[in-house]
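Engineer: Pasting in a structure now, in structure tokens, and then I'll have a few things to ask.
The values are calculated or read from the model by the stated rules, or taken from the named source; none is laboratory data. Every value quoted in this text rests on a predicted model; they were computed, and no experiment measured them. A quick note on method: Cβ atoms are made from the backbone with ideal geometry, for glycine too, and the neighbour counts reach across all protein chains shown. SASA here: full protein model, heavy atoms, side chains in, ligands and nucleic acids out. Shrake-Rupley method; radii C 1.70, N 1.55, O 1.52, S 1.80 Å.
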Amino acid sequence: MTSASTSKQQTKPISFAEFKDKMVSIITCDGRNIVGTLKGLDQQTNVVLSDCHERVYSQTSEVEQEVLGLYIIRGQNVGIIGILDEETENKMDLKQVRGENCNSIVH
């Protein structure tokens with residue numbers, strides 16, 4: 001074995017079961033940021049969120065949050081799913097946050 005092959009670290013596969021009933025942020029392929037509680041996920045990465053909202057960012061004004069409630073996102077439109085730290089989320093003042101929305105993913 002070469003040192004290059006032994007230095008590669010094995011990564012542990014992520015179990016989406018640990019995401020269930022947690023607050024997640026999903027960036028969709030069209031650049032939207034959807035935040036809510038993950039209630040379901042299937043083999044095609046179709047996602048069911050409850051108590052969710054879309055965050056719309058602006059460079060000149062505060063973050064707008066469009067309430068969506070119970071929401072389903074088709075797996076082919078999911079770009080990134082990440083667990084949010086609820087304590088940090090609750091402390092964050094979105095009226096002070098400025099930024100740009102993500103661009104669409106182009107294949």
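Engineer: Of the residues that sit in the stretch 64-79 and are of a type in the set (A, V, I, L, M, F, W, C) and surrounded by fewer than 13 Cβ atoms within 10 Å (Cβ to Cβ), which one is nearest to Asp30 (Cα to Cα)?
Structural biologist: To start, the set of residues in the stretch 64-79 that are of a type in the set (A, V, I, L, M, F, W, C) comprises 67-68, 70, 72-73, 78.
Those still in the list that are surrounded by fewer than 13 Cβ atoms within 10 Å (Cβ to Cβ) too: 67, 70, 72.
Details: Val67: 18, Leu70: 20, Ile72: 15 Å.
Taking the candidates together, the pick is Ile72.
Engineer: Quick check on the stretch 27-45: of everything there that is at pLDDT 95 or above and under 13 Å from the mean Cα position of the chain (by Cα), which residue is surrounded by the most Cβ atoms within 10 Å (Cβ to Cβ)?
Structural biologist: Let us first name the residues in the stretch 27-45 that are at pLDDT 95 or above, namely 34-39.
Those still in the list that are under 13 Å from the mean Cα position of the chain (by Cα) too: 34-38.
Numbers: Ile34: 21, Val35: 18, Gly36: 23, Thr37: 17, Leu38: 20.
Only one residue tops the list, namely Gly36.
Engineer: What are the residues in the stretch 84-103 that are open to solvent by 80 Å² or more (accessible area, probe 1.4 Å), outside any helix (DSSP H, G or I) and touching a residue at least 24 places away in the same chain (Cβ under 8 Å), if any?
Structural biologist: Those that are open to solvent by 80 Å² or more (accessible area, probe 1.4 Å), outside any helix (DSSP H, G or I) and touching a residue at least 24 places away in the same chain (Cβ under 8 Å): Lys95, Gln96, Arg98, Glu100, Asn103.
Engineer: Now a separate question. Is it true that some residue in the stretch 71-88 is modelled with pLDDT of 85 or more, hydrophobic (A, V, I, L, M, F, W, C) and touching a His at 6+ places or on another chain (Cβ under 6 Å)?
Structural biologist: no
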